[in-house]
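Take a look at the structure set out below.
Every number here is computed from the coordinates shown, using simple stated rules; none is lab data. This structure is a prediction, so every number in the text was calculated from the model and none was measured. Every residue, glycine as well, gets a Cβ built from its backbone with ideal geometry; the counts of neighbours run over all protein chains shown.
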Amino acid sequence: MAISLVSALTNADSLASERLLQNLKDYTAVSFALLWQRQAIFFGATLLTAFYFDPINALIFYCVILFGEIQDINIARRVARLEPSQRDEIIKSLIWVLQNTLLTSGAICVYAVSVALKQETGGHFTPLFFLFAAALFAAMNNHQLLMALVVRLAMYGLSFLVIVFADILIERPPLSSDIWLQFFTTIFVMYFLIDCSIVFLKLYRRNLDQLEALKEEHKHTKAAYIAKSQFVSTVSHELRTPLTSIKGSLDLLNSGALGEVPENMAGLIDMASRNSLRLSRLIDDLLDLQKIEAGELKYRIGTLDVAELVRDAVRSNAGYANLNKVEIVLDCEDSQPLLIRADEARMMQVMANMISNAVKFSDEGGVVRVGCRRLGQTVRIFVDDNGPGIPDGMKEKVFDRFSQLDSSDQRRAMGSGLGMNISKEIVEHMGGTIDYVSRVGTGTTFFTDFEVWDGSEDVEPAADAAAISG
């Protein structure tokens, strides 16, 4: 029980220090941001009063204010470096802020009263307006630190009363006099300034509470995201081991290495092979997605011959096309080598996603054309099918995560909805673009574009190995 109480008190102190530090940082940040605005106001007031009243007093006032402004800058820099754990330093900074507040507000009050004493009774528009402007400025810009705001408003309010009471004590006018009107007007102005201060203070604290709520929500969201990532990664790895054994066994059966498969079992084994392949690709996609989100997907950038890349992709996916009774046709220009800078393994992954999509959405006996072209200073790799096509306005959904154009249980092609999203991440990371053009009812062409690499600044293999980024 005692340990829990001590822990609760420690947490309360920590939260109080964090809130106080946030108040100090906001207060000093605003003070620093409005430095030149305040200087313009003080300089203008000094020139005006120096011309009409006493230049010596005006110069002394401005020097004191300038000293206070320099102190504000030093305090702001000190506060910006503080951490919530530095409780003693936070308290010292608060004391410095309050002392400097007393100095600058005191200088303004003393100077305003001194100007008023040099005027005739009832004619104190200039000093009263200076005090009003200073109090309104404090209400609008010093509400982040309540103690500093109270000090300023109390001193300005006291100066208001000193100026108008001095006239009343000297003249002792009747209640109907303009001097009493000035006194009541001053009381109204003070109420107005206090009310403005309360409004700004409430708005600031409400925003601060909302910010803290957002920070807390962010912590919970981040924790849930980390837990989700760890869960998906663990489950994916645990599934991959038995799936590899299952898939290997099915491949052995299909290859005939263990003898001829009975006719009545061939269909079941074929279906199991297809679904094990689907599951294997889904697990690979999930693992890649986790790496992308964590910034851990690695790339080994090198110089690639695009025509050779396309030929390898066609050969690698020919078996999948044969299973679906779809023909893949190679369509590359052989006039001259087309070179790009990319990761070969990742580009093969992108090509596999585009080709498998084209095969899935093609009818039996259909043709998928895979090729490359040079378009000016760009190399385009494309996969063209004669499937049903993609309706207009679906581009965002095509490249979104876990998204299928047809999400019904009876959809024509099954899949995780991750392939094209991962392909987009990979291509854009390597400096390329991926897109498609579609003709509803006649087919779709997916393509990636990369800048032509002329090889004049080719990178050594050692440098390529170092060019691993996430």
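Please tell me which of these pairs span more than 25 angstrom C-alpha to C-alpha: Lys219/Lys395; Lys298/Lys395; Lys360/Lys397; Lys360/Lys424; Lys25/Lys215; Lys222/Lys291?
The answer is Lys219/Lys395; Lys298/Lys395.
Note the full-extension length gain between Leu117 and Ala224 as 0.36 nm times their separation in residues minus their Cα-Cα distance, in nm to one decimal.
Using 0.36 nm per residue and subtracting the Cα-Cα distance, I get 31.8 nm.
Specify which residue in the list Gln230, Asn353, Ile168 is farthest towards the positive end of the charge dipole of the chain, using unit charges on the beta carbon of Lys, Arg (+1) and Asp, Glu (-1), about the Cα centre.
Ile168
Quick one: divide the alpha-carbon radius of gyration of the chain by 2.2 N^0.38 Å and tell me what you get.
Taking N as the residue count of the chain, the ratio is 1.66.
Under the definition of Cα pairs under 8 Å and six or more residues apart, what whole-number percent is the relative contact order of the chain?
10
Relative to the Cα centre, what is the charge dipole magnitude of the chain, using +1 at the beta carbon of each Lys and Arg, -1 at the beta carbon of each Asp and Glu, and rounding to the nearest 20 debye?
Using only the charged Cβ atoms, the result is roughly 1440 debye.
So what is the orientation-averaged projected area of region 2-172, using the convex hull of its C-alpha atoms, in nm²?
11.7
Using the Cα atoms of region 100-206 to build a convex hull, what is its mean projected area in square nanometres? Present the calculation step by step, with values, prior to reporting the outcome.
Working: hull surface 25.4 nm².
For region 100-206, averaging the hull's shadow over all directions gives 6.4 nm².
Using a Förster distance of 25 Å, how high is the FRET efficiency between Leu175 and Ala133, based on the Cβ-Cβ distance and rounded to 0.05? Don't jump to the answer; show the numbers that get you there.
Numbers: r = 29 Å, r/R0 = 1.16.
FRET efficiency, Leu175 to Ala133: 0.30.
Shape verdict for region 185-231, please, from the Cα gyration tensor: rounded (a/c under 1.5), prolate (a/b greater than b/c) or oblate.
Prolate, since a/c reaches 1.5 and a/b exceeds b/c.
Between Glu396 and Ala80, how high is the FRET efficiency from 1/(1 + (r/R0)^6) when r is the Cβ-Cβ distance and R₀ = 41 Å? Nearest 0.05.
Result of the calculation: an efficiency of 0.45.
Have a look at region 245-398 and give its Rg and Dmax from the Cα atoms, expressed in angstrom.
Considering region 245-398 through its Cα atoms, Rg and Dmax are 18.0, 56 Å.
Ala50 to Glu216: extension gain in nm, 0.36 nm per residue of separation minus the Cα-Cα distance?
Values: separation 166, 0.36 × 166 = 59.76 nm, distance 5.36 nm.
Gain on extension, Ala50 to Glu216, equals 54.4 nm.
Taking amide H atoms as placed 1.01 Å from N in the peptide plane, list the residues 5 or more away in sequence, or in a different chain, whose amide H sits under 5 Å from that of Thr378.
Those lying under 5 Å, H to H, from Thr378 are Val452.
When a footprinting reagent is the concern and you count Cβ atoms within 10 Å, what order do His429, His220, His143 take, fewest first?
Ordered by Cβ neighbours within 10 Å, fewest first: His220, His429, His143.
What order do you get for Val329, Val398 when you list them from fewest to most C-beta neighbours inside 10 Å?
Fewest to most other Cβ atoms nearby, the residues stand as Val329, Val398.
Using the 10 angstrom Cβ neighbour count as an exposure proxy, how do Thr126, Thr444 rank, fewest first?
Thr126, Thr444
Assign unit charges at the C-beta atoms only (+1 for Lys and Arg, -1 for Asp and Glu), then state the dipole size of region 2-172 relative to its Cα centre in Debye, rounded to the nearest 20.
For this selection, approximately 200 debye.
Enumerate the helices in the chain for which the Kyte-Doolittle hydropathy averages -1.0 or more and the C-alpha atoms extend at least 18 Å along the helix's axis, using complete DSSP H runs. Present the calculation step by step, with values, prior to reporting the outcome.
Working: long enough: 2-33 (46 Å, 0.41); 35-52 (26 Å, 0.79); 55-80 (37 Å, 1.03); 87-117 (44 Å, 1.06); 125-141 (23 Å, 1.79); 146-171 (37 Å, 2.07); 178-255 (110 Å, 0.12); 263-294 (47 Å, -0.08); 306-323 (26 Å, 0.11); 344-360 (24 Å, 0.16).
Helices meeting the criterion: 2-33, 35-52, 55-80, 87-117, 125-141, 146-171, 178-255, 263-294, 306-323, 344-360.
Out of residues 5 or more away from Val326 or on other chains, whose amide H comes under 5 Å of its own, with H placed 1.01 Å from N in the peptide plane?
Long-range HN contacts for Val326: Gly365.
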